[in-house]
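Notes follow the structure.
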Amino acid sequence: MQKYRVTIIMSTSRLSLFFFYAILIFLVNNPTINAQRDPYVLHMCSTTGNVTSNSTFRANLNTLISTLSSNTQIDYGFYNFTAGEGTNKVYATGLCRVDLSPTDCRSCVNMSAHELLQLCPTQKEGVMWYMNCTARYSNNSIFGVMETKPTRALTGADVSNLTEFNAVLKPLFYDLRVRASAGGIFRKIAVGTAYYKSDNHTIYGLMQCSPDLLEMDCSNCLVAAQSSFQVCCSNHSGVRILAPSCNLRIETEQFYDSTLVQSPPSLSPPPSKGKGSNSSKTIIAIVVVVVILVVIIICICISLRVRKQRKKAKTVDEISSTESLHFDFPTIRVATDNFSDANKLGQGGFGVVYKGRLSNGQEIAVKRLSQGSGQGDLEFKNEILLVAKLQHRNLVKLRGFCLEGCERLLIYEFVPNGSLDQVIFDPTKRAYLDWQRRYKIIEGIARGLLYLHEDSRLRIIHRDLKTSNVLLDDEMNPKIADFGMARLVILDQTHSNTNRIVGTYGYMAPEYAYHGHFSVKSDVFSFGVLVLEMICGQKNGYFLNEENREDLLTYAWTNWRNMTASNIIDPTLGVGSTTEIIRCIHIGLLCVQENATDRPTMASVVLMLNSNSISLSVPSRPAFFIHSNVEPDSQSDQSILLASTNDASITVLHPR
């Protein structure tokens, strides 16, 4: 076992320093003890916030540590948990090197936590570093919080050529920091090697962060660790920099398991040196390949053109089966006053929506496909063939369509109060939506989705449920609209796949946004986001929360978990049933769980909303898939958060 020298990056008392040295020397010189357990390295107890041994905080801490092994399932080498309430609440985390087995990780964290409890008998904060794991506890929330202090360092042998050594480490550290920071929510760790020529050594490096950190916070923590390395230890070939949220380590021997090593990129064999006699053969081969490629491209273009024409003809044939809903173009042109700007209600990815009045006095909303739209035919056919067959009070009614020349029009019932987003996100208008009205809207949307998923003759997945696609009639009843992205599946089919991702990021379930897997549970996720927006009165993107920008799912989950759910509630709600509101927050969080199988069906959601006697399960952490290293400014929030690739739509609608 390599012996280390201990370097203290921040000041401590002489007594603590002597204590560290004594324990470290004892462990290093007792190989029998080291063979039986993961070696102790260092620990730190805070100098503020002391408590007595018989305090409630200490009792919560003792309970938490004593039950650690039995009530904690460690995955990916990291876990967090709490005990107690209010000012006596204890927060704790454990972090292992990822190549440790679950059994070894649990043993390491359990041992270090119990030892930390003995070493910090009256302190409210403490951290213990073992060789392969770290345990922390605090009276303040440490989940997702980046901390670089206190920092400790262990050093080994000196190097002979400092200039070369630092030149070798610079690209290695950069590569490790970038890969570790981008590691995702389960593991943020990277390993790599560099060759140090002067001492004929391979340098093995590792950087690791607590996986609950954001990518930028992880990177900043590792930058701080690297800075500490430069201050104290840049002339040593064996170094460990230890901080509460991250660590850095280099050795001249491999200290991590080979499963952490990334597979090297495959290398093509070096090109052989050709002779002059082969030059003409090479040229001929290139010409032949080019000709073949040109022919293939021409064939593909012809095939696509023919396919497009057939598809267009098929669309006309399918729509003709609903001839009873057909309107002629002059009738709609007169009804909308030749599509005047005065009758314009809104505009989205499909085209412009106009208000109109038929000759019999009936008011209508006309959706006019933009002739420059490259994605309109499929959406146009979808809305006619699907919505024409649906009849439910919480779905917008299709009055008819018009298909003449280049004109494609959809005629809907006119809904006077416009779309939900125009009311719920307006600081003045949303005050009109008290809790009773909001609960009525939430229930109506749930019933509409249940009809689409289970009660209609067809099983339909909407795929673009959001506040701008929910309209409000004169009695503030919700009506789900815009079925251009909807997909029809057979009644006993639970899920499907697509290569064409459509919808709006922020409302899209992670399995659909990332992999194209959609199901009725994808709509459940969108419904959960919409419910949280209704309660909070703010959009699901980043919003201002005490000078910090935070996404809605993170904000709702954090407050619900910390039992401060009242922070989520829109202050304009005023008097309302707090119990009912918090129950709706609970239902919303159940709907946005990352694993689709954990989300309830809409039938279960409707039952939960209508019966307070039904107990709700504890939701798991929501899917946080909208991440950005740079927070959007106030003028570009929507363009950053809702910008979509793969044909995802961005729709802004007004009353229709």
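Read-outs: derived from the displayed coordinates by stated rules, not from any lab. It should be emphasised that the depicted structure is a prediction, and the values quoted were computed from it without experimental measurement. Because the Cβ atoms are built from the backbone with ideal geometry, glycine has one as well, and the counts that use them run over all protein chains shown.
Below, the figures for the structure above:
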read-out: Ranked Asp337, Asp158, criterion: other C-beta atoms within 10 Å, fewest first; value: Asp158, Asp337
read-out: Rough spin-label spacing in nm, given labels placed 7 Å along Cα→Cβ, for Val223 and Asp455; value: 5.5 nm
read-out: Relative contact order (%) - criterion: Cα under 8 Å, at least six apart; region: segment 152-260; value: 32 percent
read-out: Surrounding net charge for Asp473, when Lys and Arg each add one and Asp and Glu each subtract one, Cβ distance under 10 Å; value: -1
read-out: Exposure proxy order (Cβ contacts within 10 Å, fewest to most) of Arg368, Arg305; value: Arg305, Arg368
read-out: Residue-wise HN-Hα coupling along segment 124-139, computed from phi with Karplus coefficients 6.51, -1.76, 1.60 (Hz; x: Gly, Pro); value: 8, 9, x, 9, 10, 9, 9, 5, 10, 7, 9, 10, 9, 8, 7, 8
read-out: Hz values of 3J(HN,Hα) by residue in segment 389-400 - Karplus curve (6.51, -1.76, 1.60), Gly and Pro given as x; value: 9, 9, 9, 7, 5, 9, 10, 5, 8, 8, 7, x
read-out: Sequence-distant residues sharing a close amide H with His201 (under 5 Å, placed H); value: Tyr196
read-out: Val529, Val423 arranged by Cβ crowding within 10 Å, fewest neighbours leading; value: Val423, Val529
read-out: Environment charge at Ala190 (Cβ cut-off 9 Å; Lys +1, Arg +1, Asp -1, Glu -1); value: +2
read-out: Other-chain or far-sequence residues with amide H under 5 Å of Gly346's (modelled H); value: Val353, His654
read-out: Local electrostatic count, Lys170, Cβ distance below 12 Å [Lys/Arg +1, Asp/Glu -1]; value: -1
read-out: For segment 403-411, 3J(HN,Hα) per residue [Karplus equation, 6.51 cos²θ - 1.76 cosθ + 1.60, θ = phi - 60°, Hz, x = Gly/Pro]; value: 9, 9, x, 8, 8, 10, 10, 10, 10
